[in-house]
Amino acid sequence: MERKVRVRFAPSPTGPLHIGGVRTALYNYLFARQLGGTMILRIEDTDQGRFVPGAEAYIIEALSWLGIQFDEGVHVGGPYAPYRQSDRKPLYRQYADQLIADGWAYYAFDTPESLEETRKRYESEKKAFQYDVFTRNSLVNSLTLSAEDVSQRLADNQAYVIRFKMPETGEVVVNDLIRGRVVVHSNLLDDKVLFKSDGMPTYHLANIVDDHLMEISHVIRGEEWLPSAPLHVMLYRALGWESTMPEFAHLPLLLKPDGNGKLSKRDGDRLGFPVFPIQWQDPKTAEISSGYRESGYIPEAVINMLAFLGWNPGTTQEIFSMEELIHAFSIDRISKSGAKFDVEKAKWFNQQYLRQLSAQELAVLFMPVLNEKGIEIELSKLAVICDLVKERLSFVKDLWEQSCFFFTPPTTYDEQLIKKRWKEDTASHLQQIIQILEKHQPFETMLAHDNVVAYIQDNGLNMGQIMNCLRLVIVGAGTGPDLFAIINTIGKEEAIQRINKGIASIKL
RNA sequence: GGUCCGUUCGUCUAGAUGGCCCAGGACGCUAGGUUUUCAUCCUAGAAAUCAGGGGUUCGAAUCCCCUACGGACUACCA
């Protein structure tokens, strides 16, 4: 039973990978790392018609940004190379032939058009057509045609596909690590195409052949594959590989936050959150879909959030580093039902991770934003500002909103606050406060603060009223960190200028 | 239509072998406190008749059955 753990993440390069796919990759990664196994990236590009340039590079970049690493794969090579199915094309045919020779598959010459016609005919009778045990005897294939006819058609290069010959009797059992025993009667399954007329295998064949050849021990994939898992089990049996068949775990789906249905590529920008790890631009339409990276999410937060969509450790701990996830992860704690994505929780996770960053680290992230606005500042000074506002952020991009008053004087003043706090004598009191500030010759914040407080108290004034008005002229609003910390940071001269400007601008 | 999977607060979920669950945590929400302000933080609260109905049992969110609802799949797509 000692089997080396080898798992694969096997996306098809038909577009950007969405977060459901990322979660599948993550669970594979956590599982592999925990058990000292191997994580493989295999590209399943057997459908040349849906190939999208750039998608493969996108997948690699996105997973790399998130810290999901591969031991083998298209981009890093490995002992089972190549890892791209289009590069493995010559491998598959022999297995299809073997299946035919063993009576597990057959040639089918039906054209797509004739099949479509049959399908429509069934539909008009309110029935569903399936190429299976019951219908294959009335269709054009090597089961109904004479041996001579078949060889003639083959010799004539007539287009054909190779279909799996599903047994008429018997039950197929899939033992799923998450769902338990799933049983289906084989005659309910259809004769899936294994090998296409263009010379490429379909997903089903390529997948089984590659998993076998690459010695995959566990197949962890989305629930959308559960219905075809019985076919896969049959394929292992037919190929004589049943004893080394990997174990299956079908993950619950990620659902739309509103309404029903699985999360789709369209939902993200419609509902105001990214469904993609990093930004993607469609090469054909040039349409841009936003990504977590560009939206200001920290990769660790995205990982943490994704890990909890369908899995939990059974404790109350919610913040997990990748290392902790690797340690705590287990397949039997994966839930069976689909999870709706929640933007608010995602934000919360990001906030938690943002707070773990030092002021210095935040400053480094913030600096480019300022430079773009034409603001030059020393990193150390910026770090002081970041430290003052870091508790108020969910995203790095919130930094500007939370700290813009450090860099530019207010141009407008909060109307509500004026109404509430600004009195007739406010201006003259602020004049007095300017005098107090002027007195401090090297400027000392604490002393200035104490003196202002003393002024308010000595004159029997309302603390909240004066302080809020002082804040109003300095910040422009009633928000922000400690007022004297702000004054200290912008400097005495600037503070006095702002007070003067405020007095001049604010009229009752 | 058919096959398969699922169903605990608005959301993510806890809930081995039925009793400690008139259901716990987190996000969000509401209120109070802290703060010269806002945010943070602290405290409290509202929020699931455990999809519904039948059983089994002294006792069920937990076991069984039925129903409903939701989802996936049903391509020479993956």
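The values are calculated or read from the model by the stated rules, or taken from the named source; none is laboratory data. Everything numeric in this text was worked out from a predicted model, so none of it was measured. Don't worry about glycine lacking a Cβ; one is built from the backbone with ideal geometry, like all the others, and counts go over all protein chains shown. The accessibility values were calculated without ligands, DNA or RNA, using every heavy atom of the protein model including side chains. Shrake-Rupley method; radii C 1.70, N 1.55, O 1.52, S 1.80 Å.
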Open item on the list: Treating only the Cβ of Lys, Arg, Asp and Glu as charged (+1, +1, -1, -1), what charge dipole size does chain A show about its Cα centre? Round to the nearest 20 debye.
Closed with: 780 debye
Task: Rough spin-label spacing in nm, given labels placed 7 Å along Cα→Cβ, for residue A:463 and residue A:183 - done: 7.5 nm
Open item on the list: Taking 56 Å as R0, compute the FRET efficiency from the Cβ-Cβ separation of residue A:497 and residue A:65 and round it to 0.05.
Closed with: 0.80
Open item on the list: What is the angle, in °, between the Cα long axis of helix A:426-439 and the longest principal axis of the Cα atoms in chain A? Nearest 10 is fine, range 0 to 90.
Closed with: 80 degrees
Task: Relative contact order [Cα under 8 Å, 6+ residues apart], chain A, whole percent - done: 12 percent
Task: Zone residues, segment A:231-265, relative to residue A:344, backbone N less than 16 Å from point 7 Å out along Cα-to-Cβ - done: A:257-259
Task: Degrees separating the helix A:229-238 axis from the principal Cα axis of chain A, which is the longest one - done: 40 degrees
Task: Approximate spin-label separation residue A:316-residue A:244, in nm, with each point projected 7 Å along Cα-to-Cβ - done: 4.9 nm
Task: Per residue accessible area of chain A, 1.4 Å probe, in Å² - done: 47 Å²
- [ ] Can you find, among A:86, A:440, A:277, the residue farthest towards the positive end of the dipole of chain A? Put +1 on the C-beta of Lys and Arg, -1 on that of Asp and Glu.
- [x] A:440
Task: Using θ = phi - 60° and Karplus 6.51 cos²θ - 1.76 cosθ + 1.60, couplings along segment A:7-17 (whole Hz; Gly, Pro as x) - done: 10, 10, 10, 10, x, 9, x, 9, x, x, 6
- [ ] State to the nearest 20 debye the size of the charge dipole of segment A:415-494 about its Cα centre, where the only charges are +1 on K and R beta carbons and -1 on D and E beta carbons.
- [x] 280 debye
- [ ] State the percentage of accessible surface on chain A attributable to carbon and sulfur atoms; use a 1.4 Å probe and exclude ligands, DNA and RNA.
- [x] 50 percent
Task: Tensor-based shape of segment A:428-479 (alpha-carbon gyration tensor, a/c under 1.5 rounded, otherwise prolate or oblate) - done: oblate
Task: Cα long-axis angle, helix A:89-101 against chain A (0 to 90 degrees, to the nearest 10) - done: 40 degrees
Task: Estimated FRET transfer efficiency (residue A:446, residue A:324; beta-carbon r; R0 60 Å; 0.05) - done: 0.90
TODO: Give the relative contact order (percent, whole number) for segment A:316-443; include only Cα pairs under 8 Å separated by 6+ residues.
DONE: 21 percent
Task: FRET efficiency for residue A:237 and residue A:416, using Cβ-Cβ distance with R0 set to 56 Å, rounded to 0.05 - done: 0.15
TODO: Answer rounded, prolate or oblate for segment A:42-99, using the Cα gyration tensor with square roots of eigenvalues a ≥ b ≥ c: rounded when a/c is under 1.5, else prolate when a/b is larger than b/c, else oblate.
DONE: oblate
TODO: Please give, to one decimal in nm, the separation of the simple spin-label points placed at residue A:34 and residue A:270, each 7 Å out from Cα toward the Cβ.
DONE: 3.4 nm
TODO: With a ≥ b ≥ c taken as the square roots of the eigenvalues of the C-alpha gyration tensor of chain A, please select rounded if a/c is under 1.5 and otherwise prolate if a/b is larger than b/c or oblate if it is not?
DONE: prolate
- [ ] Report the extension gain between residue A:156 and residue A:197 in nm, rounded to one decimal, defined as 0.36 nm multiplied by the number of residues separating them, less their alpha carbon distance.
- [x] 13.4 nm
Task: Label zone at residue A:149, where the point sits 7 Å out along the Cα-to-Cβ direction: segment A:70-110 residues whose backbone N lies under 16 Å - done: A:106-110
- [ ] Using packing as a proxy for protection, rank A:112-124, A:462-474 so that the peptide with the highest average count of other Cβ atoms within 10 Å comes first.
- [x] A:462-474, A:112-124
